[in-house]
1. For the range 483-504, give me each residue that is open to solvent by 40 Å² or more (accessible area, probe 1.4 Å) and either of a type in the set (A, V, I, L, M) or free of Cβ contacts under 8 Å to residues at least 60 places away in the same chain (or both).
2. Among the numbered criteria (1) β-branched (Val, Ile, Thr); (2) at pLDDT 90 or above; (3) outside any strand (DSSP E or B), which single criterion is violated by residue 16?
3. Can you pull out every residue in the range 553-604 that is in contact with a helix residue (DSSP H, G or I) (Cβ under 9 Å, 6 or more places away or on another chain) and more than 20 Å from residue 477 (Cα to Cα)?
4. Do you know which residues across the range 263-298 are of a type in the set (Ser, Thr, Tyr), out of contact with any helix residue (DSSP H, G or I) (no Cβ under 9 Å at 6 or more places or on another chain) and surrounded by 15 or more Cβ atoms within 10 Å (Cβ to Cβ)?
5. Given the residues 303, 338, which is the only one that is closer than 22 Å to residue 86 by Cα and open to solvent by 40 Å² or more (accessible area, probe 1.4 Å)?
6. Regarding the range 79-97, can at least one residue be identified that is on the phi > 0 side of the Ramachandran plot and either in contact with a helix residue (DSSP H, G or I) (Cβ under 9 Å, 6 or more places away or on another chain) or β-branched (Val, Ile, Thr) (or both)?
Amino acid sequence: MKRNVLMLLTLAGLMVGTAAVALAQAGASTQPAGAAEWTAVFTADLKNGKPADHWWTTVGEMKFTDGKLVMDAGKRGRGEAFLFTYRFPGSCRLEAVASVTPKQKVEDAGIDLKLNENAAVGTNPFRGYTFRLNAKGAVLLRDDTPLKSVGVDKFALAAGKSYQVVAEQNDRQLRLVVDGAEVISVQDPTPLEGPGLEMVGLAGRGGSLSVEKLVVSARKDKLADVVAPVAVPAGAEITVAGVSMCERACAVDQNQVEHNVVLFAMDGSPQVKSQVEAILEKFYPDRGLDCDQAKLLLEQFDKNLKYYLVPGPLAIQAHDDLDYPSRAISVTGTVLEKDGRKWLAPTKIVYQGKDQPLPFKYPAKLMAPDKPWIMPDKPPITLAVTDAISLKCVHIPPGRFLCGSPYYEHPRWQDEFPHDVTLTKGIYMAEIPVTQAMFEALTGKNPSKLPPTGFNQRFRHKTPDAGGDFAVENASYVDIQTFLQKMSEKNGRKVRLMTDAEFEWVARVGNSGPCFHEKYLQQRSFVADGEGRCEPVRKHPPNAWGVYDMVKSGWELVSDYKLDNIRTTQVDPQGPTRKEAANHGNGPLRRTKGGAFYDDTHLNMHGACDESGDNEEGLMIFRVVAELEPAAAAATAPAK
């Protein structure tokens with residue numbers, strides 16, 4: 001199997017390893033296991049090493065103390081880490097001497113040994129094998145599904161007791177051995193192997209995990225498949241600044257790429273600067289981007305301005321911060337090319353932060369306000385709320401755009417993957433969010449005045465908003481449906497929530513460029529603001545299509561359930577099913593859009609709200625759309 005080879009630097013910038021074959025020749029031990037012969041590829045140095053030398057800690061905290069690896073459970077009730085500098089895309093074996101000290105009851109404690117994992121981030125599905133040992137026995141999970149389990153007659157975890165455990169995947173055969181006794185042995189007809197399924201890790205559940213020995217081995221006949229450290233040649237250093245993320249956040253299929261840190265350059269050496277300028281000059285028109293132009297520009301960044309950070313202590317530290325967001329960083333190091341990739345071996349990384357400004361400046365054309373590619377071609381309509389209250393709705397034409405965030409945009413979150421979306425039908429969208437006066441008139445309720453609960457306690461105003469022209473906040477999904485049904489009945493046409501794609505299409509006025517919040521400062525309102533700045537609707541200028549308050553503090557509820565963006569082309573997307581939706585413990589979540597997160601208001605950012613109206617990022621509001629009459633809708637053709 002041909003593999004891209006990773007590279008590793010010590011802090012001194014010298015060679016620390018070679019390919020796995022060379023390691024074996026240097027005297028690594030072998031141990032037979034059934035018909036296979038295993039060669040030790042990685043042995044943890046628990047006396048002199050540091051966790052950041054090789055380990056990516058995803059949950060909790062890892063430390064080396066008294067010759068042991070100790071991992072304390074984090075806020076999710078477990079501590080978890082993956083070996084970052086070696087990858088095992090095929091058969092592999094993990095040996096450890098480990099114990100766990102429960103935080104409370106031994107029934108809640110456990111040890112996980114992880115093989116062939118993708119170490120999924122965001123709401124993407126977990127894949128891999130997990131051997132889990134606890135007080136009730138042991139279980140082998142394939143992804144999240146039990147493949148084999150045994151009871152206490154085979155094994156029962158005792159608090160604080162050390163166990164010698166061996167977990168292995170040998171083609172189809174999977175085995176767990178504890179203190180020399182086979183506890184689990186089962187065959188998987190379709191074993192998990194290959195790119196993206198190559199991480200080895202361990203976790204302690206419900207307490208503190210202590211590891212006295214840890215060795216990872218590969219089959220002797222498959223050593224060439226192991227992705228191992230190699231030397232980095234000496235060379236002149238350069239500095240490159242840009243937007244960094246895990247490669248899986250910018251890959252169409254994240255299960256086909258590795259957990260590498262990539263950097264999309266926006267500034268740096270004279271050569272890098274000239275590349276950025278030439279690409280933007282050729283591929284970014286002054287009037288902005290349509291869908292095809294936006295996709296072409298992304299291809300140019302991916303092909304010419306993407307750097308891979310050589311795995312090592314600095315890259316691991318960077319990756320720890322990239323579980324979900326992008327980071328703006330400046331990297332100094334040596335550049336080398338291998339297998340068609342540009343690698344940057346870092347000796348220094350500077351992060352944007354509270355006291356550290358953005359390490360590069362976006363060109364002015366990227367920050368220019370969006371110019372619409374298409375304009376509404378029908379007059380607005382007016383929906384009746386009551387005999388005395390009405391709601392103006394603007395015609396929104398159909399069209400095609402690049403939904404989500406381009407890789408070079410910062411801030412950016414990994415659930416905002418850019419993808420081609422076509423909306424085939426026009427709609428009418430309310431020019432403002434639904435106000436308290438409208439909502440109370442139809443439902444008899446005003447949740448904006450209720451005492452705060454849940455996440456809302458962090459954002460709710462100390463004094464309720466005064467006046468019916470403030471947006472209604474944190475209404476329950478049931479009450480919103482009641483409002484929509486009454487609006488539909490009163491107006492003789494279907495009135496509903498907008499979809500995620502419809503919101504973004506309107507907010508961008510059909511443009512496919514990046515959504516930097518600086519582009520929308522004239523439109524920025526403080527509707528549903530939780531910091532004492534709340535104001536009525538329609539107080540600031542609308543966008544070019546005549547829609548108000550699309551850029552604001554509050555988060556607009558859409559009909560889509562919450563999940564990361566699809567990474568393929570979509571037509572009239574409706575979002576994931578209820579069963580697929582993210583769930584943080586209070587039921588399926590729905591997306592919210594267009595709000596402020598620490599005063600960042602980029603329009604392609606996603607929030608999440610449960611059906612009680614409890615939003616995770618700020619105060620939830622909503623607006624309505626009305627569908628065209630059936631005959632008109634059927635005749636509407638998508639715009640180019």
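The values are calculated or read from the model by the stated rules, or taken from the named source; none is laboratory data. The shown structure was predicted, so the numbers you read here are calculated from the model rather than taken from an experiment. In this analysis, Cβ positions are derived from the backbone assuming ideal geometry, glycine residues included, and neighbour counts consider all displayed protein chains. Heavy atoms of the whole protein, side chains included, go into the accessibility calculation; ligands, DNA and RNA do not. Shrake-Rupley method; radii C 1.70, N 1.55, O 1.52, S 1.80 Å.
1. Of everything in the range 483-504, those that are open to solvent by 40 Å² or more (accessible area, probe 1.4 Å) and either of a type in the set (A, V, I, L, M) or free of Cβ contacts under 8 Å to residues at least 60 places away in the same chain (or both) turn out to be 485, 486, 489, 492.
2. Here residue 16 meets the rest and fails (2).
3. Within the range 553-604, 565, 567, 570, 572, 573, 596, 599, 600, 601, 602, 603, 604 qualify.
4. Taking the range 263-298 and keeping what is of a type in the set (Ser, Thr, Tyr), we get 269, 274, 284.
Still in the list and also out of contact with any helix residue (DSSP H, G or I) (no Cβ under 9 Å at 6 or more places or on another chain): 269, 274.
The answer is 269, and nothing else.
5. Numbers: 303 fails: closer than 22 Å to residue 86 by Cα.
It is 338.
6. Looking only at the range 79-97, we keep the residues that are on the phi > 0 side of the Ramachandran plot, and these are none.
No - not one qualifying residue is present in the range 79-97.
A quick yes/no check of all residues on (1) open to solvent by less than 30 Å² (accessible area, probe 1.4 Å); (2) modelled with pLDDT of 95 or more:
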position: 433; (1), (2): yes, yes
position: 444; (1), (2): no, yes
position: 448; (1), (2): yes, no
position: 458; (1), (2): no, no
position: 464; (1), (2): no, no
position: 474; (1), (2): yes, no
position: 506; (1), (2): yes, yes
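Residue-wise test of (1) outside any loop (DSSP other than H, G, I, E, B); (2) at pLDDT below 95; (3) of a type in the set (Ser, Thr, Tyr).
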{"site": "547", "(1), (2), (3)": "no, no, no"}
{"site": "559", "(1), (2), (3)": "yes, no, yes"}
{"site": "563", "(1), (2), (3)": "no, yes, no"}
{"site": "585", "(1), (2), (3)": "no, yes, no"}
{"site": "591", "(1), (2), (3)": "yes, yes, no"}
